[in-house]
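Visitor: Would you mind keeping the following structure in view while I ask a few things?
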Amino acid sequence: DVYKRQMVGEILRVAGSAFFSRTGARKITSIEHAITLIGYEHLTHIILQMPFLTLAKKDYKSLDLDGFLKHSILCGVIGKDISSASLIGNPNEVYIASITHDVGMIIIYRFFHEEWEAIVSLVNEKGISRLDAEREIFSFDHGALGAMLLDIWDIPKSITDGVRHHHCPELADENRENAICVYLSNILSKEVIFNCGSDSFVSFMLSNKSFVEKINQFRIPLSSKEEIELFNMLYSSMKRLGNIYSGSYDD
């Protein structure tokens, strides 16, 4: 697989660089070892720069690539905040799984264009959800497809399970907490108020109070201290990203 070779080669190159290996000659024993050295944020950047992601054809009008990337990055930020504040899952694993959760959609778009258009037609003509349309066409959804790709690339299962089950975390036999956080990040990224720069923290918290109810479905209810910590993280993140994101994205 040419893409796997490119990605693995880049991971090993970065991990073996003088920046990550002060001796300049540190031996990298495996892809897992390399990921440990470069960190999850660098791994995310490498994945998102893969050619089939960045060179999507511009003549197709049925994919908002800019919106896709913005939604993915926003999910990563929110997922990591939720995981850190609620102590559900591993924040770093949740971060990269949340960012890459919709990678299967790009696979369909780039390599199964007829099926992509059939899915769009089902959504528009029958009024069914995109997820149900994908399952009708493929017998599986973009979460399963994206996880297959990441499995082929030897991405750790703790990450790929979050991608695989980001619409149905209850089906995860392993790494369920990571899948729960990715599921929540996907939902809450579509509800959060981005342009909160002029809002007070209290206004932001009250406007997004439903977040707590959704999180509490999967764990012992957040304490008042944990709620404040969660909203502090989200508020800071949204202030940083509020000038970047606009509109909506639906997967």
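The values are calculated or read from the model by the stated rules, or taken from the named source; none is laboratory data. All of these numbers come straight from a predicted model, not from anything done at the bench. No Cβ is skipped: glycine too gets one built from the backbone with ideal geometry, and neighbour counts run over all protein chains shown. Each accessible area value is taken on the protein alone, full model and side chains, heavy atoms only, with ligands, DNA and RNA left out. Shrake-Rupley method; radii C 1.70, N 1.55, O 1.52, S 1.80 Å.
Visitor: Which condition number in (1) hydrophobic (A, V, I, L, M, F, W, C); (2) more than 30 Å from residue 234 (Cβ to Cβ); (3) touching a residue at least 40 places away in the same chain (Cβ under 8 Å) is the one that residue 147 fails?
Guide: Only one criterion is unmet by residue 147, namely (2).
Visitor: Right, here's the next one. Just one of 194, 218 is at pLDDT below 95, open to solvent by 20 Å² or more (accessible area, probe 1.4 Å), among the aromatic types (Phe, Trp, Tyr) and over 16 Å from residue 86 (Cα atoms); which is it?
Guide: On the way: 218 fails: over 16 Å from residue 86 (Cα atoms).
Just a single option satisfies the conditions, and that option is 194.
Visitor: Same structure, new question: Return yes or no: is residue 170 open to solvent by 90 Å² or more (accessible area, probe 1.4 Å), at pLDDT 90 or above and either in contact with a Pro (Cβ under 6 Å, 6 or more places away or on another chain) or part of a loop (DSSP other than H, G, I, E, B) (or both)? Spell out how you get there, then give the answer.
Guide: Numbers: open to solvent by 90 Å² or more (accessible area, probe 1.4 Å): yes; at pLDDT 90 or above: yes; either in contact with a Pro (Cβ under 6 Å, 6 or more places away or on another chain) or part of a loop (DSSP other than H, G, I, E, B) (or both): no.
Spelling it out, it is not the case that residue 170 is open to solvent by 90 Å² or more (accessible area, probe 1.4 Å), at pLDDT 90 or above and either in contact with a Pro (Cβ under 6 Å, 6 or more places away or on another chain) or part of a loop (DSSP other than H, G, I, E, B) (or both).
Visitor: Okay, moving on. Return the residue satisfying two criteria in turn: it lies in the range 130-154 and is assigned to a loop (DSSP other than H, G, I, E, B) and closer than 15 Å to residue 102 by Cα, and of such residues it is modelled with the highest pLDDT.
Guide: Per the stated criteria, the residue is 141.
Visitor: Tell me whether the range 179-186 contains one or more residues that are open to solvent by 50 Å² or more (accessible area, probe 1.4 Å) and touching a Pro at 6+ places or on another chain (Cβ under 6 Å). If you could, list the steps in order and put the result at the bottom.
Guide: Of the residues in the range 179-186, the ones open to solvent by 50 Å² or more (accessible area, probe 1.4 Å) are 183.
Cutting the leftovers down to touching a Pro at 6+ places or on another chain (Cβ under 6 Å) gives us 183.
Scanning the range 179-186 turns up at least one residue that is open to solvent by 50 Å² or more (accessible area, probe 1.4 Å) and touching a Pro at 6+ places or on another chain (Cβ under 6 Å).
Visitor: With respect to residue 119, is the statement that it is outside any loop (DSSP other than H, G, I, E, B), without any contact (Cβ under 8 Å) to a residue 24 or more places away in the chain, buried (at least 19 other Cβ atoms within 10 Å of the Cβ) and over 14 Å from the mean Cα position of the chain (by Cα) true?
Guide: Answer is yes for this residue.
Visitor: Might you let me know whether the range 128-141 holds any residue that is among the aromatic types (Phe, Trp, Tyr) and either over 23 Å from residue 73 (Cβ atoms) or under 20 Å from the mean Cα position of the chain (by Cα) (or both)?
Guide: yes
Visitor: Are any residues in the range 221-251 surrounded by fewer than 16 Cβ atoms within 10 Å (Cβ to Cβ) and modelled with pLDDT under 90, and if so, which ones?
Guide: Result: 236, 240, 243, 244, 246, 247, 248, 250.
Visitor: If you don't mind, another one. How many residues are surrounded by 23 or more Cβ atoms within 10 Å (Cβ to Cβ) and touching a Cys at 6+ places or on another chain (Cβ under 9 Å) if we restrict to the range 101-115?
Guide: Selection size over the range 101-115: 1.
Visitor: Exactly one of (1) under 17 Å from the mean Cα position of the chain (by Cα); (2) part of a helix (DSSP H, G or I); (3) touching a residue at least 12 places away in the same chain (Cβ under 8 Å) is unmet by residue 88. Its number?
Guide: With (1) under 17 Å from the mean Cα position of the chain (by Cα); (2) part of a helix (DSSP H, G or I); (3) touching a residue at least 12 places away in the same chain (Cβ under 8 Å) applied to residue 88, the lone miss is (2).
Visitor: Inspect all residues belonging to the range 68-81 and state whether any of them is within 15 Å of the chain's Cα centre (by Cα), open to solvent by less than 30 Å² (accessible area, probe 1.4 Å) and over 30 Å from residue 224 (Cα atoms).
Guide: The answer is yes; a qualifying residue exists.
Visitor: Now a separate question. So residue 131 passes all but one of these: (1) over 17 Å from residue 164 (Cβ atoms); (2) of a type outside the set (S, T, N, Q); (3) surrounded by fewer than 17 Cβ atoms within 10 Å (Cβ to Cβ). Which condition number does it fail?
Guide: Result: residue 131 passes all but (1).
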